Each structure stands twice: as structure tokens, then as C-alpha cells.
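Values in this text are rule-based calculations from the coordinates and carry no lab data. Only a predicted model underlies this, so the values are computations on that prediction, with no experimental measurement involved. Note that we place each Cβ from the backbone using ideal geometry, even for glycine, and neighbour counts take in every protein chain shown.
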């Protein structure tokens, strides 16, 4: 009887957007006879970890000596057959230690390092898993595996009032008459004069990103302020935490959005909140956090996303979601985001058709079981 192959998974941070996918993947792989261990470079709350050994090294900055020696200690103790790195930082630390061990690297970042360091990583790495063809790594080492949405536990969607009551947020009446702007272009100086009664059920949409300015969190807050300007009955939930949390809170209070915009921090029950949203707003251009789009689509939640190579691959514009062009300055895509989100919230039939189309697209083209099987084939090939 052949021995079980040992796989060491290395990730830089459990909160980087890949943790849930790695958790489900390690659980599936262990069921097929592989022995897995996870090495988390950064000290986090390690939510949703699978059963099995996990090591946290406490990475404090990019070049951390303690993490450097810590991952070497893990490699000596566990003696893995394959080291599977899930992001660029984990790949760099593993490549410095592995020597003759087999390294399998997930290549997700669009801004990969260049020059001598990239050449060193290419020599040390035996296979690269890329979501699409990539010219920055040797073709002979490239394995193209499309991204996949990690399956989320099913939870019955809650109505908006029930969700607000569970999170202990009060219902708020709009400050004035609602001015619908569906087809006309949204402009503050020329607002539609027609007013209608308020929606009894508030619209609920979410933003699931770290609270960092590089992820355009302030643009999402500007969209919320614009929806308040037309007196839309809505609530926005920001899930995630980050270094710019205080800045975001300061802008929220300055724009008087504290009764409509709620910062929930990092939560372990995101899979219960996500199906309750009428839409997901995703204005980040980071490839690392683009899997949030797939998670929302797997729940049937329509996504309004900034157009990037990843979002174009996931979303069929107008069918499974809405894409916002990133061309022009920030004022352009801010106004476009307001128009597209408002049109989506007002059109219930469009949300229903996107709900069905998004779930079908994820099930057919971004199937998680297929991605797991293809990665296990790479493990066997390397060993």
C-alpha cells in the first residue's frame, strides 16, 4: 500500500480573500487520501479552518526574519512532498527554503514581480497554476485551471427587516420624497422631478472588501451618499476590516450616513448574510479579492463590479451582473456605479433573471469539484 502524499499549504493571511477557498479545498483533498497541513504566515483569527494541523507564524511585515525561520522549521518537521503556495508572499517565503522540494504556486496577482527575483522564483517553482494563459512564467510549467467558487453552506435568505433586526439596526425613514432615476442619467443638478411613495421594504446591498483605500472604499461610500441624495430607502453593509477603518468611519459620519451604512468588520457568518443582499458592489481592481464576485454569484446575488480582467471573465455584462468601465477618472465610474446600482435595485425582474443566470454560470464554468480534481492530478504528476 502506497503511503499518503503530504501537502503543505502556505498562505500569507487568512483574511486575504483566499482563506475560505483554501479551507474547503484542504477538506476535500484530505478526503481523497492526502495528508495536509496549513501554514498561515500572519496571525489571524483563523475562522473556518478545516480539521487538521495548522501553524501560525505571526508575520508582521513583508520581510520578517521570524517568519523566514518559522517556515523553515515547519518544512523540516512536516517533510511535505509538495508545497502549495496560495499567494505571492507565501510563494516568496517558501521558495527561499524548499530546495529540491516540489513547489506548486497559485499565480493570482496581476502585478507580479519582475527582473531577477521573478527569474529566481521561476527556477525554484515546478508548476504554476494560472486562471488564464500568462506570458510571465515558462509555458512548460504552466497549468491553466479556471477559478472556482468555494461552495458555501446553504442558508435561507432573510427579509430586509429580519436582517436588520438580527444585526440590531433600526429601520430608518427616508428624509424626503424619493425621486426615481431609472433610465434618465443621474445628475445632481438635474434630478427627476417626479416623486413616488417610498419603498416599504428597504433595499440591502453589501461591500465585502478590506477597509483599505486602495480598494476604493471611499468610492463605495460616495455611491451610498448619492443614493441618500435621491432619498432611496436602502441599507449598505460593509464586511471586512483594515488599516483605513477609522478614515472610512470619519467619511461616513461626515456625509451623515451612519443610519444607512453599517461597518460589520470581519464576520464568520458571511455565508448567511450574502444571500440576503439585493446586490453586491465591488469596486476593487485587486485580483486577490475578485473571488468575492464568484461567491456572490454562487448565491445568486447580482454583482455591480468594476471592469477588470477577472470580473470580465466571471460576469457577462447585463446577464449575470453589471460591469462598470474603469476608463476615465474616478468621477466617471462613480456616477456610472450610482446609475447601474440604482437601476438594478429598482428592477426586480432583472434581479431575478440575474439570480438564475449567475448560479447556472458558476455551476457550469466555475465548478469547485473540477478544480479540486485537476489540482490533485498536478500533485500526483509532481510526485
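Taking the longest Cα principal axis of the chain as reference, the axis of helix 217-229 is set at about 20 degrees.
Which order results if 234, 120, 251 are arranged by neighbouring Cβ count within 10 Å, fewest first?
Details: 234 23, 120 14, 251 17.
Ordered from fewest to most neighbouring Cβ atoms within 10 Å, 234, 120, 251 come out as 120, 251, 234.
Assuming R0 = 30 Å, what is the FRET efficiency of residue 168 and residue 229, from their Cβ-Cβ distance, to the nearest 0.05?
0.65
From most to least packed by mean Cβ count within 10 Å, the peptides 321-332, 21-32 give 21-32, 321-332. Does anything in segment 350-383 have its amide N under 17 Å from the 7 Å Cα→Cβ label point of residue 27, and if so which residues? It comes to 368-373, nothing else.
To the nearest 500 deg cm²/dmol, what mean residue ellipticity at 222 nm is calculated for the chain from DSSP H runs of n ≥ 4 alone, each contributing -39,500 (n - 2.57), summed and divided by the residues? Walk me through the numbers on the way to the answer.
Values: 13 runs with 142 residues, N = 383.
Computed mean residue ellipticity for the chain: -11000 deg cm²/dmol.
Annotation: the antiparallel percentage among DSSP beta bridges lying fully within the chain is about 5.
In a Debye calculation with equal point scatterers on the alpha-carbon sites of segment 160-365 and no solvent, what is log10 I(q)/I(0) at q = 0.11, 0.14 Å⁻¹? Treating every Cα as an identical point scatterer, log10 I(q)/I(0) equals -0.47, -0.80. In percent, rounded to a whole number, the relative contact order of segment 160-365 is 20, using alpha-carbon pairs under 8 Å and six or more apart. Counting only DSSP beta bridges whose two residues both lie in segment 160-365, roughly 10 percent are antiparallel.
The Cα center of segment 61-83 and the Cα center of segment 287-330 differ in position by 35 Å.
Nearest 0.05, what FRET efficiency do residue 380 and residue 352 give at R0 = 51 Å with Cβ-Cβ as r?
Details: r = 43 Å, r/R0 = 0.85.
Between residue 380 and residue 352 the formula returns 0.75.
For the chain, the longest principal axis of the Cα atoms and the long axis of helix 330-346 meet at an angle of about 70 degrees. Structural descriptor for segment 212-291: relative contact order 42 percent, calculated from alpha carbon pairs under 8 angstrom and at least 6 residues apart. Each of (1) 68, 58, 41; (2) 73, 41, 40; (3) 65, 44, 38 is a candidate for Cα extents along the principal axes in Å; the one calculated from this structure is (2).
What percent do you get for the relative contact order of the chain when only Cα pairs under 8 Å and 6+ apart count? Can you show the working numbers first?
On the way: 644 pairs, mean separation 55.5, N = 383.
Relative contact order for the chain comes out at 14 percent.
Neighbour counts of other Cβ atoms within 10 Å put 231, 9 in the fewest-to-most order 231, 9. Dividing the convex hull volume of the alpha-carbon atoms in segment 317-383 by its residue count gives 114 Å³ per residue.
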